[in-house]
Structure formats: structure tokens, C-alpha cells
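Worksheet: one structure, shown below.
The values are calculated or read from the model by the stated rules, or taken from the named source; none is laboratory data. All values reported here derive from a predicted model rather than from experimental measurement. Note that we place each Cβ from the backbone using ideal geometry, even for glycine, and neighbour counts take in every protein chain shown.
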Amino acid sequence: MIDVDRYLAVLGMERPAAPSAEALWALHRAQVERIPYETLDNQLGRPSGIGADESVARILRGRGGYCFHLNGAFSALLTALGYDVSLHVAGVQDEVEDPAGPGGDHLALTVLLDGERWLVDTGLAGGMYEPLPLREGTYTQGPFTYGMTPSTVVPGGWRFLHDPHGAFVSMAFAPEPVDLSAFEAKHAFLSTSPESGFVRVCQAQLRDAKGVDMLRGCVLRRIDAEGTDERIVDSADDWYDVLADVFHLDLGDVAADARAELWRGVRATHLEWEAAQQ
């Protein structure tokens, strides 16, 4: 069993009296505002598992994770609070048209509430701020406009279409409910393979009502209604300050030598990327 009250304390919330729509929206907003999407443990060479208890423990000690951790933990919290939650095999896509079925590199959640099913996704980097109905249409949240459309290649599946200014184009998910174990093989690849973008590039992202903050390597971006503001973080002290101040990640559990090695790797990858742009 997860520690619901400690989890809610991290989110700055009290236990809801009942599994209502109002509480679900508040929980979703709190999670994406306070719990960062991040891949730091992969770069540190110490990836964690994706079991719900382990993912909740990450959050309770001040860390985030990516979709398998974030949505895995959030689904456990919602279930403990009485919500009807389903996990779905999903995949992030870079094409506007529906290219194929979900590739399994993303875990999506749906919640059945008052007779309607909603997409609930706190692990979609730079994505949704609040739940979206599984109804075809366009939806505006802050500076971003999203689309929801039935899949043309997976019967009963759906596609979330990101804003053109987002970090990806779309996300597709299958209709069948699955268990967390369905994602273990993909997680092993994403968290350990030298070919994985989650290993090659250090990332942190955090959503709020007005926009999103994104750190990829040494490039810090803020995307909101004013546009995109970008700067290069070019020193270790500044980089760790950004992690702490912007993304709530102080890495106090990481030894000084490991912090130095992490920065060297991030900086080296950034310099390689800069050279490739020439």
C-alpha cells in the first residue's frame, strides 16, 4: 500500500472526501506543477524500477521520473482515492498523420468518471495540464491547443495531438487496459540502452498553468503565451541551480563526485550537439 497522505502532502493537497471531478482536476494540476518529468537517474547510471511502490517512493524523496514512474505513481494514488483508473500501452509520435499503433514507449491513463472516460496523463513531458475527455475535438489549456481524435489504425484507440509549439507531435494509445508489467521491457531499454534518448540526453520538464519549462542537456527553454525564451546553461553551478530552482530537484542524495561526473557528461553531450549544428 502506498502512503497516500504523504503523497498528497507533496502535492500540497488534503485527502478528497470523494473521487470527484473537481478533486481529479486539482490532483492532476498539482502533480504536473510539482513533480518533474526527469531522466537524471539514467544519466547517473542508477535507473529505478517502475513498480508503483518504487515510483511513489521516488516522489516522496523529492524526485520525479518519466511516464512509467509518473503515471504509474499517479494511477496508484488515484486508485487508492477511489477512482476507476486504467493503464494503456501508448507511444509518442512525430507524425501528424496516424502512422501506426502505439509503440509502447509511453504509459497513458484513463479514468472513468460519471459515465465518461478521460485521458489523465501527468507523464507526457510538456503536455496536458488537466484531463481531456475521450471525445473528438480541440481543447485549449493555457497557451497550448490540443486535439483528441480516434485512431485510424487501432480500433477503439485514441490520439492526443500536441500543440505545434510542443516538444512532440502526438501520442497514441490502445484501448485495452494493461498492468505495469507490460512496460518493463521498454523501460529496461529506455533507461539503460546507449541508443535511448533517455540515456543520451539529460532532460527535465515541468508544466504550469501558463506554460512549460524544459531543460534538455544545457539548453533551458520556457514556452508560454509570449513565445519561447531560450538560454544555454554553461556552468555546473548554474545548471544545478536551475534543477533546484526551476524543477525542484536539489539532488541532495547524489555525492559530489557523481554530481561532477554528471555535469561533465551533460556538457560533453551539449558540445557534441553544438558541433553537429555547425
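Give the residue that is nearest to residue 193 (Cα to Cα), with candidates limited to residues of the stretch 124-143 that are at pLDDT below 95 and touching a His at 6+ places or on another chain (Cβ under 9 Å). Here the residue is 124. The lone criterion from (1) touching a helix residue (DSSP H, G or I) at 6+ places or on another chain (Cβ under 8 Å); (2) under 30 Å from residue 269 (Cβ atoms); (3) touching a residue at least 24 places away in the same chain (Cβ under 8 Å) left unmet by residue 130 is number (2). Consider residue 230 carefully, then state whether it is in a helix (DSSP H, G or I), charged (D, E, K, R) and more than 27 Å from residue 90 (Cα to Cα). Judged against the criteria, residue 230 is not a match. Among the residues of the stretch 246-264, write down those that are farther than 19 Å from residue 58 by Cα and surrounded by fewer than 16 Cβ atoms within 10 Å (Cβ to Cβ). Selection gives 256, 257, 260, 261, 264.
Restricting 112, 77, 60, 107 to those that are surrounded by fewer than 16 Cβ atoms within 10 Å (Cβ to Cβ) and within 30 Å of residue 245 (Cβ to Cβ) reduces the list to 60.
Assessment of the stretch 223-239 against the conditions (in contact with a strand residue (DSSP E or B) (Cβ under 8 Å, 6 or more places away or on another chain), closer than 29 Å to residue 52 by Cβ and surrounded by 17 or more Cβ atoms within 10 Å (Cβ to Cβ)) yields no matching residue. Regarding the stretch 206-221, can at least one residue be identified that is touching a Ser or Thr at 6+ places or on another chain (Cβ under 7 Å) and among the charged types (D, E, K, R)? Scanning the stretch 206-221, I find at least one residue that is touching a Ser or Thr at 6+ places or on another chain (Cβ under 7 Å) and among the charged types (D, E, K, R), so the answer is yes. Restricting attention to the stretch 183-210, the residues that are farther than 16 Å from residue 122 by Cα, surrounded by fewer than 14 Cβ atoms within 10 Å (Cβ to Cβ) and among the small types (Gly, Ala, Ser) add up to 3. The sole residue among 273, 263 that is free of Cβ contacts under 8 Å to residues at least 40 places away in the same chain, among the hydrophobic types (A, V, I, L, M, F, W, C) and more than 29 Å from residue 141 (Cβ to Cβ) is 263.
Only one entry of 160, 168, 183 meets the criterion of being among the aromatic types (Phe, Trp, Tyr), under 14 Å from residue 90 (Cβ atoms) and in a loop (DSSP other than H, G, I, E, B), and that entry is 168. Among the residues of the stretch 129-182, the ones that are small (Gly, Ala, Ser), out of contact with any Lys or Arg (no Cβ under 7 Å at 6 or more places or on another chain) and either surrounded by 14 or more Cβ atoms within 10 Å (Cβ to Cβ) or at positive phi (or both) come to 8 in all. Taking the stretch 129-147 as the range and being more than 23 Å from residue 33 (Cβ to Cβ) and out of contact with any Gly (no Cβ under 9 Å at 6 or more places or on another chain) as the test, the residues that pass are 134, 135. Exactly one residue out of 46, 15, 6, 63 is at negative phi and in contact with a strand residue (DSSP E or B) (Cβ under 9 Å, 6 or more places away or on another chain): that is 63. How do the helices (runs of 4 or more DSSP H) wholly within the stretch 39-89 filter down when requiring 2 or more residues that are under 13 Å from residue 7 (Cβ atoms): which remain? Of the helices (runs of 4 or more DSSP H) lying wholly inside the stretch 39-89, those with at least 2 residues that are under 13 Å from residue 7 (Cβ atoms) span 52-60, 67-80.
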